[in-house]
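Any read-out appearing in this document is the output of simple, stated calculations on the displayed coordinates, not a laboratory observation. Values in this document were obtained by computation on a predicted structure and should not be read as measured data. Every residue, glycine as well, gets a Cβ built from its backbone with ideal geometry; the counts of neighbours run over all protein chains shown.
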Amino acid sequence: MVSRFLVFLGLATVVNSYVPQREMTLVVGPGNEECFFETAPKGNTLSVEYQVLDGGDKLGDLDINFLLISPRGTPMVAELKKSEGAHSQQIEELGDYKICFDNKFSYVSSKTVYFEILNENEDVEYDDLAEIFGDEDSDAEYYEISVSEIEIKLKKIKDDIGKAKHQQDLIRITDLKDRTMAEHNFERVNFMSSFYIVVMVIAGITQVVLLRSLFDEKSKINPLWKKAFQD
């Protein structure tokens, strides 16, 4: 049982090495653009998923421009003022693919963006499994299961783990986005409440001053009332 566990542990390491994945959260300042380069070989699938978490201030919109550019400089994907997006492209040539988040249209608000890059070959063969187990026929009496069966199970485990991790990331990012929006709404409510309190205090003081000036002949406003009533 211990040796079988070690074998599966080694196989899991092999499987994980086939899934180059990166994720990052960055702040794109007003009037700025942030770009990244991802090297992808021909035949791979390059997937990019992004989401704007914060608009920078209470009035900032959750949007940004997104660009995916080929090594030849040709735009493969171009989105304008989107709050989120997910794109997958089949790579036709080896090279450095440019991923850009453009906030040049905003003069005041910075944008906080979370994005995830997945660069994988969906048709990859797990040839290293054969090296781990050696000859299938000769080792069958020791492991009781074939290499092909292990390969199928490992692929399923890898897919399930990837899906679970992706769902956890989405839940975490959605929670962060909702919390940021709630904080901005809280600040906006406090600001408007303070503004209306100040307006009400000023209006009350003005009413008291005007009312007293009607009966106070020494008041500077009293002559104006008399003149208005005489007219």
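Here are the numbers for this structure:
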{"read-out": "Nonlocal amide H pairs with THR39, under 5 Å, H built at 1.01 Å", "value": "TYR97"}
{"read-out": "Spin-label model distance (nm) - LYS104 vs VAL198, 7 Å beyond Cα toward Cβ", "value": "3.7 nm"}
{"read-out": "Extension reserve of the ASP57-GLU187 stretch, reckoned as 0.36 nm per residue once the Cα distance is removed", "value": "45.8 nm"}
{"read-out": "Cross-link table LYS81/LYS104; LYS98/LYS155; LYS42/LYS158; LYS42/LYS104; LYS111/LYS177; LYS42/LYS98, entries beyond 21 Å C-alpha to C-alpha", "value": "LYS98/LYS155; LYS42/LYS158; LYS42/LYS104"}
{"read-out": "Cβ crowding within 10 Å averaged over residues, with 115-121, 89-95, 49-55 ranked highest first", "value": "49-55, 115-121, 89-95"}
